[in-house]
Amino acid sequence: MASQHGSGTHVERRVLITVTGIVQGVGFRPFVYRAATSRGLGGYARNTLAGVEIDIEGSQDAVGSFCSELEVNPPSNSRIDSITSVEFPLNHPRSFEIIESGTGASRSALVSPDLALCDDCRREMLDPRDRRFHYPFINCTHCGPRYTIVDDIPYDRRRTSMREFPMCPECYREYHDPLDRRFHAQPVACFTCGPRLALVGADGQLMLSGAGDAYGARDRAEEILSGAAERLRLGKVVALRGLGGFHLAANARCDDALELLRTRKHRPGKPFAVMARSIDDVRSFANVNPEEEVRLASAAHPILLLAKKNPFPLSTLVAPDNPFVGVMLPYTPLHVLLFEISDLPPLIMTSGNLSEEAIAIGNEEAIERLHGIADAFVLHDRDIRVRCDDSVLRVVNGEPSGRSFQIMVRRARGFAPLPVQLPSESPDMIAAGAELKNTICVVKGRRAFLSQHVGDLDHTESIDAFEETVDHLTAMYGIRPELVVHDLHPDYYSTHWALRFAGAKGIGTVGVQHHHAHIASCMAENGVTEPVVGIALDGTGFGTDGTVWGGEVLLTDGARFERVGRLGHLALPGGDLAATEIWRMALSALIASNGADAAQCAAELLPRSVVDRLPFVQEAVEKKINTPQTSSCGRLFDAVASLIGLRQEVTYEGEAAMMLEAAAERGTRDDAPYGFSVCREGMGRTTDSKTLPICPFPAEGEGTPAAEPLTANELFNISPVPVIRSIVADLRGGVPKETIARRFHNGLVTAFATVAGCCARQAGIRTIALSGGSFQNALLLRGLTTALEAEGFHVIAHRDVPANDGGIALGQVFAALRRIQSVSV
Ligand SMILES: [Zn+2]
Ligand SMILES: [Zn+2]
């Protein structure tokens, strides 16, 4: 035994190792260098278009130990997808080197998301003896900008916006020293050679410049940040150029400042995010549990929706009438310095834009677009190549099981452009996504790259951002699309773009129904390919039968779907207008449920101004004037929120639903659910294809609590009419609105769990998928998961991909890929 072990050390080996995944811009080659040189191995490492290539040669034991080091101890921000190695004849290299990037392989290297300031850099930046003391752009291989400065891959300084900054001798030395933390840190810089700040007034006039010789550069940076801090303290609005775009900052304790900002930004009620200096500061105004703390301080540093402290010590204008406040910690050195230099109170940090437009990124662009909003601008000269907002997420405690859920509300900085692995190889394609909260998705091989949040495509700036994102992602990953996937809505900008783009390129298009895409997105994120029953609940999506969908139970294998259940129709008086003037939905619900008594009910329950509109709505409903039918879950939430008096009009999507959820949270879990009536409806089933059914229902459906098994072409109609009647009765009986809100949530959970469970059992399906914007609602997500798991189903939901329309593009590519496969089988 001993001799065998001994002989191993004398055998020489050479292997060529290819590592794929997030292995560029995360200190991977320096790590490889140290692992190789410390073992006396020779060879080289380089970035390629596919990842990192390592040619390693030395004793058998050393090579073996090197390989296990790669697998066991990779840098913390890397993510290895695969390691392959091939034996080669010996080459006897003299040393180990890091060499120039190769560009021969196909483009599949992953670009790292941006990384929040690391502890080492933070310490150096605050150390007066360090040469980067107070340098607002300090970074290393463990932190700093990545995706937002990248022009192309492989990830190298000359393919980023840092190529404008030739390194000074000291930075150059660090960059080339394999034992330094900044070895091959592409954005490495200092006061002498790197980006600088400038302070500019409201009209774009230069007030303080950080440019010029290095001497005094630190003093000027400090002066600029102190100047900005002073203005913030005085209640001014300051635009700050950050990592993925501009923020508008204001003092979160100052009512006047926030009122000014809300007026100027045309944003009356939608909550603002707050940046606080430290986790202790966060604790002073919000409740944070240990899990949330970990997320706040993670490399992504997202905005987390936290429960407000009561009383709330910040301005009520931060998040009016909202139980939550969005919170983040400083994630760039610039942010950290701003707080350190001047001991600022928590600051509002909201996207630098008007209402729902795309975030501004360029200096001149910001001065022009934010003119009249910002009183001053803190600029810098490191260009932002990719618009990338802050990500927003929420952690939900999964009582009673104790499991927690992560709800991704907006996926952008810190997460994009991480790919989702597809079940099989795909031709190159682009999916154009939906209209609101748009994202796009490009596919290369087995990877689906879901873009960062683009915005609502009803603004020209967002449309520009959409096209920019398509161009950037397709160029970076060398996408030669063979297919463009889009929503079925004929009026979405994304649909128009897809058809135009495909026409110009002479390539094919695939339309995917909105709610089918939601469920497909959930399947893609969870790597599920077997048929599922999907519960898709959201605001609105274009149905295949000319009505507006949004409360759907679908049976799907990913490729195609059948609609096997839906919420009962309500009239949508005024079409899209009903989504903001939500009293329209209350009147519609009263007309549907109480008929001739609607006027009496309205007079008792609703404000005078609304009651006066009843005859007009009644006429619109009767004569079907601009009044389509809808099965939307979001609009039903609106109706209930209006009936119980939470809101009559809303200023942003999901506002009423969130108010209703907050009210329900104050109710109790045991409040008896309202009973939706569930009935079978003949000839109601619609599909996106005539060649189905994909899953014929067997006759022997076991244990169907709600109804008899469906026969072909039937669907379950989940009517809210009895619920509205019960709400009216409860309101008349003086039942608190918290109880009503909770009974409504509990009723929805019971009805959808019953119908989905029944359909799944009939079809012999085990997995139930939950998707759509309504699953940002913790009570629905937790309630349906718990109820369905109790019935023995495997429930899948979203985690890193938004359940809202930000996840649609991923579902579109998944559905298209599955369709291609089902045709070719
Ligand atoms: Zn660092
Ligand atoms: Zn330097």
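The values are calculated or read from the model by the stated rules, or taken from the named source; none is laboratory data. Not measured: the values here are computed from a predicted model. We place every Cβ from the backbone using ideal geometry, glycine too, and count neighbours over all the protein chains shown.
Here is how the numbers come out for the structure above:
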{"item": "Subset of segment 514-568 [among the hydroxyl-bearing types (Ser, Thr, Tyr) and closer than 20 Å to Ala431 by Cβ]", "result": "Ser521, Thr529, Thr540, Thr544, Thr556"}
{"item": "Selection count, segment 145-164, where residues are basic (Lys, Arg) and within 16 Å of ligand 2 (Cβ to nearest atom)", "result": "2"}
{"item": "Residue check for Asp390: under 30 Å from Phe165 (Cα atoms), charged (D, E, K, R), assigned to a loop (DSSP other than H, G, I, E, B) and in contact (Cβ under 8 Å) with a residue 40 or more places away in the chain", "result": "yes"}
{"item": "Segment 109-144 - residue that is in contact with a helix residue (DSSP H, G or I) (Cβ under 9 Å, 6 or more places away or on another chain) and small (Gly, Ala, Ser) and, of those, farthest from ligand 2 (Cβ to nearest atom)", "result": "Ser112"}
{"item": "Subset of segment 500-519 (residues that are assigned to a helix (DSSP H, G or I) and among the small types (Gly, Ala, Ser))", "result": "Ala502, Gly503, Ala504, Ala517"}
{"item": "Close pairs (6 angstrom Cβ cut-off, 6 or more residues apart or separate chains): more than 9 Å from ligand 2 (Cβ to nearest atom) in segment 174-191, outside any loop (DSSP other than H, G, I, E, B) and of a type in the set (Lys, Arg) anywhere", "result": "His184/Arg29; Gln186/Arg157"}
{"item": "Checking Gly772 against (1) within 28 Å of the chain's Cα centre (by Cα); (2) at negative phi, the condition it does not meet", "result": "(2)"}
{"item": "Search result, residues across segment 667-683 that are within 23 Å of Ala589 (Cα to Cα) and of a type in the set (A, V, I, L, M)", "result": "Ala672, Val678"}
{"item": "Segment 447-482, subset within 16 Å of the chain's Cα centre (by Cα) and in a strand (DSSP E or B), residue surrounded by the most Cβ atoms within 10 Å (Cβ to Cβ)", "result": "Leu450"}
{"item": "Tally, over segment 181-206, of residues that are in contact with a Ser or Thr (Cβ under 9 Å, 6 or more places away or on another chain) and among the polar types (S, T, N, Q)", "result": "1"}
{"item": "Every residue from segment 179-193 that is within 17 Å of Gly144 (Cα to Cα) and more than 14 Å from ligand 1 (Cβ to nearest atom)", "result": "Phe191, Cys193"}
{"item": "Segment 33-43: number of residues that are buried (at least 20 other Cβ atoms within 10 Å of the Cβ), touching a residue at least 40 places away in the same chain (Cβ under 8 Å) and under 30 Å from Arg447 (Cβ atoms)", "result": "3"}
{"item": "Test: residue in segment 220-230 that is within 16 Å of ligand 2 (Cβ to nearest atom) and under 22 Å from Ala116 (Cα atoms)", "result": "yes"}
{"item": "Scope segment 247-270; condition outside any helix (DSSP H, G or I) and at pLDDT 95 or above; matching residues", "result": "His247, Leu248, Ala249, Ala250, Asn251, Ala252, Arg253, Cys254"}
{"item": "Selection count, segment 272-314, where residues are assigned to a strand (DSSP E or B), hydrophobic (A, V, I, L, M, F, W, C) and touching a Lys or Arg at 6+ places or on another chain (Cβ under 7 Å)", "result": "3"}
{"item": "Segment 162-178, subset out of contact with any Pro (no Cβ under 7 Å at 6 or more places or on another chain) and within 16 Å of ligand 1 (Cβ to nearest atom), residue nearest to Arg132 (Cα to Cα)", "result": "Cys171"}
{"item": "The lone exception for Thr651 - which of (1) modelled with pLDDT of 90 or more; (2) farther than 28 Å from Phe716 by Cα it fails", "result": "(1)"}
{"item": "Members of segment 608-665 found to be within 21 Å of Gly550 (Cβ to Cβ), assigned to a loop (DSSP other than H, G, I, E, B), more than 29 Å from the chain's Cα centre (by Cα) and not polar (S, T, N, Q), listed by number", "result": "Lys624, Pro628, Ile644"}
{"item": "Residue selected from segment 134-161 under the condition within 11 Å of ligand 1 (Cβ to nearest atom) and not in a strand (DSSP E or B), by the criterion nearest to Gly216 (Cα to Cα)", "result": "Ile138"}
{"item": "Verdict on Leu199 being without any contact (Cβ under 8 Å) to a residue 12 or more places away in the chain and closer than 28 Å to Val238 by Cβ", "result": "no"}
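Quick grid of which residues meet (1) assigned to a strand (DSSP E or B); (2) charged (D, E, K, R):
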{"site": "His10", "(1), (2)": "no, no"}
{"site": "Val32", "(1), (2)": "no, no"}
{"site": "Arg46", "(1), (2)": "yes, yes"}
{"site": "Leu49", "(1), (2)": "no, no"}
{"site": "Ile54", "(1), (2)": "yes, no"}
{"site": "Asp61", "(1), (2)": "no, yes"}
{"site": "Gly64", "(1), (2)": "no, no"}
{"site": "Ser68", "(1), (2)": "no, no"}
{"site": "Asn77", "(1), (2)": "no, no"}
